[in-house]
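The structure appears right after this line, and notes come after that.
The values are calculated or read from the model by the stated rules, or taken from the named source; none is laboratory data. Model, not experiment: these values are computed from the prediction. Cβ sites come from the backbone with ideal geometry, for glycine too, and all protein chains shown count toward neighbours. Each accessible area value is taken on the protein alone, full model and side chains, heavy atoms only, with ligands, DNA and RNA left out. Shrake-Rupley method; radii C 1.70, N 1.55, O 1.52, S 1.80 Å.
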Amino acid sequence: MLRQHISSYAKRGGITNKDYLKSVLSYFVSSLIAIAMIIYIGYHLISGLGQDITTVAANIDTYVESITFNAYIMRDEETLYTASNGTLNRLVADGEKVAAGCAVADLYSMGDTNLRAVIEEIDEKIEALVSVTKSASYSLLSDIHKIDAQISEILRRIRKDTAERNIGDTLLASKELLAVINRRQLITGESDGFDDEIVELSRRREELISRMSGLATTVKTTKHGFYFYETDGFEKIFNARKIPDLTVEGFYELINSEPKQNPSEKGFAAGKMVYDYIWYAAVPTERGLLDYFTEGQLYNVTFTGSGTSLSMNLDSIILSESDDDPRAVLIFSSTVMPRGFDYTRMQQISVDVASYTGLRVPLSAIRIENGVRGVYILYGDTVYYRRINIILKREGYVLCSEDPLAGDDSQKDESPEAKIPYLKLYDTIITQGKNLHDGKIIK
């Protein structure tokens, strides 16, 4: 139609061909501008009708602060010796309570030269599998991240000990690594358990015992207590009877002592007796960390190798006589002797020193409006601003207390910001949103 009109007008001599082209181009550009403005206005109209936001509920969360140490196990121990060498057949379970005069092991004088070593190796495997099975039964899937962290730490220690050619420490760490990996498999369901392996190892042990002959002697106890298979030569060095007179300097002398295994004048070790159910974990530390500890208080202590957690009492804090010496020693005690617990002399522990509980708020939600730190929440279709009181900041989130003055009329706050309510449990926190303000309606 437009083209016919322009053509008719041109025929009447109103415009030339050149003017005709200019008119068409002008009309085309004007149309494009009009379409672009319609799209632009429509976009903002649609944007004004709705708001793209994300939210999360304000829930209670707890963060536990812990410190890692090396701990040295101290018990009232005595090594049991035999008059001659041979192959032991233990008659009671590891850690079993026995009476005075009880037979705990038979010593055979005849058998293959390597028979004793093989039987002891089997005993260690059985003990490790029983211990792992028990500790895993008290663990949850939520502990997996802790177990993975333990595996990473043990691997780091193995690399370090290998580089420094500390073969003994490397072997101990390797056993610890195997135990942690086995426990992880049980918790995650990757393994159904080790019952079949324990049965097979026990059958193999009985077979080896049957090949022994020449019963030389029977090892018996002189006092009642707990019989343990493993000895390490530190029974007299890290003996609990030394604790009342222990000094920082004396403790470090114990750490640097060499083990005393199988002194020739006494014969050969056939296990050991522990005469008291109270046992101790002596922990070397520094004065700078003592603010976290108070004598007489209970602390949750986790033995990272096995994952066993115990409530232990902090009996004493030992300080050096010199104020310039930064060293200190913590003495924890326990009256609990878990079945199958790993009493390796030196092992890593994690001590919980503080716990923080509050409303978990993502860092992305925190705003500052008129000098007041807080968050926006969504109640129904309306946005409100709520104050927060941060008690702990961690990576990606903070923990906040609810109204710290709730129920305390003696400390009424008359400041302008007091009119802004505090964030409460289950409030819907807005973690992402634009152009938010108190009272805004969200379509």
Item checked: Kirkwood-based shape ratio for the stretch 250-383, expressed as Rg/Rh from alpha carbons -> 1.21
Notebook entry, point to check: Which whole-Hz ³J(HN,Hα) couplings does the stretch 433-440 yield from phi under the Karplus relation 6.51 cos²θ - 1.76 cosθ + 1.60, θ = phi - 60°, glycine and proline marked x?
Noted result: x, 10, 6, 7, 7, 4, x, 5
Next item on the list: At a 1.4 Å probe radius, which order do 81, 72 fall into by accessible area, largest first?
Entry: 81, 72
Notebook entry, point to check: What aspartates and glutamates sit close enough to residue 242 to cross-link, taking a C-alpha to C-alpha distance under 16 Å and skipping anything fewer than 8 places away on the same chain?
Noted result: 76, 77, 78, 253, 276, 315
Check: Stretch residue 91-residue 432 to full length: gain in nm at 0.36 nm per residue minus the Cα-Cα span?
Finding: 116.0 nm
Next item on the list: Starting with the highest mean, order 435-442, 198-205 by the number of other Cβ atoms within 10 Å, averaged over the residues of each peptide.
Entry: 198-205, 435-442
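Would you please put 378-386, 178-186, 415-423 in order of how densely packed they are, using the mean number of other Cβ atoms within 10 angstrom per residue and starting with the highest?
Numbers: 378-386: 15.8, 178-186: 19.2, 415-423: 13.9.
Result, highest mean Cβ count within 10 Å first: 178-186, 378-386, 415-423.
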Notebook entry, point to check: Using 1/(1 + (r/R0)^6) with R0 = 30 angstrom and r between the beta carbons of residue 275 and residue 121, what's the FRET efficiency to the nearest 0.05?
Noted result: 0.60
Next item on the list: At 7 Å along the Cα-to-beta-carbon direction for both residue 59 and residue 159, put a label point, then send me their distance in nm to one decimal.
Entry: 3.5 nm
Check: Could you give me the ³J(HN,Hα) list for the stretch 396-403, computed from phi with Karplus coefficients 6.51, -1.76, 1.60 and θ = phi - 60°, whole Hz, x at Gly and Pro?
Finding: x, 7, 10, 10, 10, 7, 6, 3
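Figure the gain on full extension for residue 152 and residue 207 (residue separation times 0.36 nm, minus the Cα-Cα span) and round it to one decimal in nm. Show your work: numbers first, answer last.
Numbers: separation 55, 0.36 × 55 = 19.80 nm, distance 3.87 nm.
Between residue 152 and residue 207, full extension yields 15.9 nm more.
On a 25 Å Cα-Cα criterion, which of the cross-link pairs 223/260; 146/175; 160/272; 393/440 come out too long?
Where the Cα-Cα span goes over 25 Å, the pairs concerned are 160/272; 393/440.
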Notebook entry, point to check: Quick one: Karplus J couplings for the stretch 119-130, per residue in order, coefficients 6.51, -1.76, 1.60, θ = phi - 60°, nearest Hz, x for Gly and Pro?
Noted result: 5, 5, 5, 5, 4, 5, 5, 4, 4, 5, 5, 5
Checklist line | Cα-based Rg / Dmax (Å) for the stretch 307-408 | finding: 22.6, 67
